[in-house]
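Reviewing the structure listed below.
Nothing in this text is a laboratory measurement; each read-out follows from the coordinates by a stated rule. The structure presented is a predicted model; accordingly, all values stated were derived computationally and were not measured. Positions of Cβ are backbone-derived with ideal geometry, glycine not excepted, and every protein chain shown enters the neighbour counts.
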Amino acid sequence: MAFDMLMAGVDTTSSGATGILYLLANNPDKQAKLREEIRKVLPKKDSPLTPENMRNLPYLRACIKEGLRLCPPVAGNLRAAGKDLVLQGYQIPKGTDVVMASMILNHEERFVERAKEFLPERWLQEEGYPNGKDAHPFLNLPFGFGARTCIGRRLAMLEMEMIISRITRLFEYRWNYGELRITSTLVSVPVNELRFQMTELED
């Protein structure tokens, strides 16, 4: 179990963090807003991250949640039907694999308002933005759900919070190399090189 947790946490962390940094690099206004929040708990570049100061970072967690919506670590969720059933008018025999392609569904306007926009504010219910709770609750499941949810979820989320906050505190970063292309294996991985333009901040 511990081995699976570490393996699942490492792969999902690197995939998720890559997508989030890419979206923040392409949305400098959101990146600046996140940096302003992080500066409040990390006033100096070498200020330590502690359980206490990491508790009050709502915009960071909203950025991560929105990043995982647009660039999830896995393409979707797969389950085998435990019995014969009818799903949305389709007959599904027992043992048939059923896939929900959340990577596709989360980019569809009919399911998510302003679906292709990176809007962390939707998860904070800010006025003037779509409300993330208006979408179907099972639409955005980057780590699965229930008894079979990803065992590395908590570890991956903690690692992403630390990686994104530390990089955003130390650097201003941009992406100037076209669209990030993803291929889906067991975990989503980038096809093109990760060529971020990183500028170290003075303070």
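Structure data summary
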quantity: Where the Cα pairs of the stretch 18-66 fall when distances are cut into 10 Å bins, in %; calculated: 25, 52, 22, 0
quantity: Extreme residue, positive dipole direction of the chain, given options ALA147, MET160, LEU34 (C-beta unit charges); calculated: ALA147
quantity: Under 19 Å between alpha carbons - lysine pairs in the stretch 1-148 that sit 8 or more apart or on different chains; calculated: 10
quantity: MRE, 222 nm, helices only [DSSP H, n ≥ 4, -39500 (n - 2.57), over the chain, to nearest 500]; calculated: -11500 deg cm²/dmol
quantity: Residues whose placed amide H lies under 5 Å from that of LEU85, excluding near-sequence neighbours; calculated: ILE92, LYS94
quantity: C-alpha center-to-center spacing [the stretch 173-200, the stretch 50-75] in angstrom; calculated: 18
quantity: Net lengthening on full extension, GLU113/GLN88 (0.36 nm per residue, minus Cα-Cα); calculated: 6.7 nm
quantity: Alpha-carbon gyration tensor eigenvalues x 5, square-rooted, for the stretch 41-99, Å; calculated: 44, 11, 10
quantity: Label-to-label distance, nm, for residues given as LYS44 and LEU139 (7 Å Cα→Cβ offset); calculated: 4.5
quantity: Dipole magnitude of the stretch 61-137, debye to nearest 20 (Cβ charges: Lys/Arg +1, Asp/Glu -1, about Cα centre); calculated: 340
quantity: Net charge of neighbours whose Cβ lies under 13 Å from the Cβ of SER47, counting Lys and Arg as +1 and Asp and Glu as -1; calculated: +3
quantity: Only Lys, Arg (+1) and Asp, Glu (-1) charged, at Cβ; the chain dipole about Cα centre in debye; calculated: 400
quantity: Kirkwood hydrodynamic radius over Cα pairs of the chain, then Stokes diffusion coefficient at 4 °C and 1.567 mPa s, in µm²/s; calculated: 71
quantity: The stretch 1-108, dipole about Cα centre (Lys/Arg Cβ +1, Asp/Glu Cβ -1), debye to the nearest 20; calculated: 360
quantity: Efficiency of FRET between MET1 and SER184 - r from beta-carbon atoms, R0 30 angstrom, step 0.05; calculated: 0.70
quantity: Overall form of the stretch 44-158 per C-alpha gyration tensor (a/c, 1.5; a/b vs b/c); calculated: oblate
